[in-house]
């Protein structure tokens, strides 16, 4: 089962109730937050609702490892550290990210880890056509396949 990362691009203004509820269900409460989910029929239906307000694609191990290391958070505004991972799951960031991709671990199985990641706006901005056009037409919205990894690395 492949892992999909979904990044919220739009803010709160002008969203329909259906879109707001879908963002809430996916834990995407603010602009520039992302979640990692399994690719399933239900999730793809949710993504279809959010296609005009978010971007998504398949995440790779290196990007996931960087995301956990730089943006993983624990309760009390504490960063996810290597010591904490060694203590709780007895693995380092690379092992945890490969296990997450392969499905041996879930985000919930790491005690205390928040299920979403807050990101910064991307360095050098979004694509040339901005945040209102689909990725296929040079914008920032929609399905990116593996190019989502470049965007995430620019947002870390």
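The values are calculated or read from the model by the stated rules, or taken from the named source; none is laboratory data. Please read all numbers here as calculations on a predicted model, not as lab measurements. So basically every Cβ, Gly included, is an ideal-geometry build from the backbone, and we count neighbours across all protein chains shown.
Tabulated data
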{"quantity": "Enumeration of residues in region 120-138 that are crowded, with 18+ Cβ neighbours inside 10 Å and either in contact with a strand residue (DSSP E or B) (Cβ under 6 Å, 6 or more places away or on another chain) or modelled with pLDDT under 90 (or both)", "calculated": "126, 127, 135"}
{"quantity": "Positions within region 44-60 being within 25 Å of residue 97 (Cβ to Cβ) and buried (at least 16 other Cβ atoms within 10 Å of the Cβ), in sequence order", "calculated": "46, 47, 50, 54, 55, 56, 57, 58, 59, 60"}
{"quantity": "Complete set of residues in region 1-13 that are closer than 27 Å to residue 105 by Cα and surrounded by 17 or more Cβ atoms within 10 Å (Cβ to Cβ)", "calculated": "3, 4, 5, 6, 7, 8"}
{"quantity": "Residue within region 110-120 that is under 26 Å from residue 24 (Cα atoms), in a helix (DSSP H, G or I) and in contact (Cβ under 8 Å) with a residue 60 or more places away in the chain present", "calculated": "no"}
{"quantity": "Residue 81 vs. criteria more than 25 Å from residue 18 (Cα to Cα), in contact with a strand residue (DSSP E or B) (Cβ under 9 Å, 6 or more places away or on another chain) and outside the structural domain of residue 22 (by TED's automatic domain parsing)", "calculated": "yes"}
{"quantity": "Residues located in region 14-42, provided they are in contact with a strand residue (DSSP E or B) (Cβ under 6 Å, 6 or more places away or on another chain) and either surrounded by fewer than 16 Cβ atoms within 10 Å (Cβ to Cβ) or in contact (Cβ under 8 Å) with a residue 40 or more places away in the chain (or both)", "calculated": "27, 28, 33, 34, 35, 36, 39"}
{"quantity": "Residues that are within 12 Å of residue 94 (Cβ to Cβ) and surrounded by fewer than 18 Cβ atoms within 10 Å (Cβ to Cβ), drawn from region 62-79", "calculated": "62, 66"}
{"quantity": "Residue 47 in a helix (DSSP H, G or I), in contact with a strand residue (DSSP E or B) (Cβ under 7 Å, 6 or more places away or on another chain) and within 30 Å of residue 15 (Cβ to Cβ)", "calculated": "yes"}
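Rundown of residues vs (1) part of a loop (DSSP other than H, G, I, E, B); (2) within 28 Å of residue 48 (Cβ to Cβ); (3) assigned by TED's automatic domain parsing to the domain that holds residue 26; (4) within 15 Å of the chain's Cα centre (by Cα), yes/no style:
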position: 65; (1), (2), (3), (4): no, no, no, yes
position: 70; (1), (2), (3), (4): no, no, no, yes
position: 86; (1), (2), (3), (4): no, no, no, no
position: 91; (1), (2), (3), (4): yes, no, no, no
position: 97; (1), (2), (3), (4): no, yes, no, yes
position: 125; (1), (2), (3), (4): yes, yes, yes, no
position: 129; (1), (2), (3), (4): yes, yes, yes, no
position: 132; (1), (2), (3), (4): yes, yes, yes, no
